[in-house]
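So the structure is just underneath, and the comments pick up after that.
What follows is calculated from the coordinates using simple rules that are stated; it is not laboratory data. From a predicted model like this one, the values you see are computed outputs, not experimental measurements. All Cβ positions, glycine included, derive from the backbone under ideal geometry; neighbour counts span all protein chains shown.
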Amino acid sequence: MKNLLAILGLRKRLTLLLSLLILASGATATVTVAATAEEFTQPIAFSHKTHAGTNEIACEFCHTSARRSITSGVPPVRTCIGCHTMVKGTTETQKQEIQKVVDYWDQQKTIPWKKIHDLPDFVYFSHKRHLNVGFDCTECHGDISQKDEITMDNMATDLSMGWCVTCHKDEHPAVDGKVIRPLRATRGGKILEEANLAQQNGIVQGSKDCLICHK
């Protein structure tokens, strides 16, 4: 009887090990698949530098669900046309790109934007949880307000597991349970000098539990 239990136990362990190896090889294959530049060519030339930089439009004006949802949300055409009914551009290139927005609106079609900052399906990330504890969009995305085009090559971070875990291990100075971060003035946050002068009364650390990110 003991020998039988030992054999069954060994079989379970081998089955588990084999399953993990299969999952690991599958995950690796998914992550390492190369994407061509054409796959990430946007349907409209959108400049974050013009919108968030020059015109100081807040991130959440377009990405409206970031503070209340898991995803930040891609703005619908009605958000774009709300401004571009009046704003038609000053250069010929701008006018041509804005006309594309108008065409999508007139045809009642969704603009097929290509996601650059994307995560594998087996990773769970909540924008709401990070923003509500005090983190700024630039923590993960970098200062997008200074970039005309967002590509796979100019992403500020690689969004890898190691990068996320490093941040979760760090001790972030906090006030009233919220991390101190120099947010852009247009988002109602502290400017850099004010953030550095804020009285620290604790720290915030992210969870290291696997199930936080892998459901």
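Pull up the stretch 90-132, narrow it to residues that are touching a Pro at 6+ places or on another chain (Cβ under 9 Å) and over 30 Å from His214 (Cα atoms), then point me to the one that is surrounded by the fewest Cβ atoms within 10 Å (Cβ to Cβ).
In this case the residue turns out to be Thr110.
I'm trying to understand the selection: among the residues of the stretch 82-97, which are over 12 Å from Ala45 (Cβ atoms) and assigned to a loop (DSSP other than H, G, I, E, B)?
The answer is Thr85, Met86, Val87, Lys88, Thr90.
Going by what's in this entry, would Trp113 be described as within 14 Å of the chain's Cα centre (by Cα) and either assigned to a helix (DSSP H, G or I) or in contact (Cβ under 8 Å) with a residue 60 or more places away in the chain (or both)?
Against the criterion (within 14 Å of the chain's Cα centre (by Cα) and either assigned to a helix (DSSP H, G or I) or in contact (Cβ under 8 Å) with a residue 60 or more places away in the chain (or both)), Trp113 does not qualify.
Can you find a residue that is under 14 Å from the mean Cα position of the chain (by Cα) and under 20 Å from Pro43 (Cβ atoms) anywhere in the stretch 129-150?
Scanning the stretch 129-150 turns up at least one residue that is under 14 Å from the mean Cα position of the chain (by Cα) and under 20 Å from Pro43 (Cβ atoms).
Would you pick out the residues in the stretch 54-63 that are in a loop (DSSP other than H, G, I, E, B) and surrounded by 16 or more Cβ atoms within 10 Å (Cβ to Cβ)?
Of all residues in the stretch 54-63, those in a loop (DSSP other than H, G, I, E, B) come to 55-58, 63.
Within the stretch 54-63, Ile57, His63 qualify.
Given (1) under 20 Å from Gly73 (Cβ atoms); (2) charged (D, E, K, R); (3) touching a residue at least 40 places away in the same chain (Cβ under 8 Å), identify the lone condition not met by Asp121.
(3)
Can you name the residue in the stretch 64-84 that is touching a residue at least 24 places away in the same chain (Cβ under 8 Å) and within 21 Å of Lys100 (Cα to Cα) and, of all such residues, is nearest to the chain's Cα centre (by Cα)?
Ranking the candidates gives Val74 first.
Step by step: first the residues of the stretch 133-167, then only those that are touching a helix residue (DSSP H, G or I) at 6+ places or on another chain (Cβ under 6 Å) and closer than 20 Å to Arg67 by Cβ, then the one that is surrounded by the most Cβ atoms within 10 Å (Cβ to Cβ). Which residue is that?
The selected residue is Cys137.
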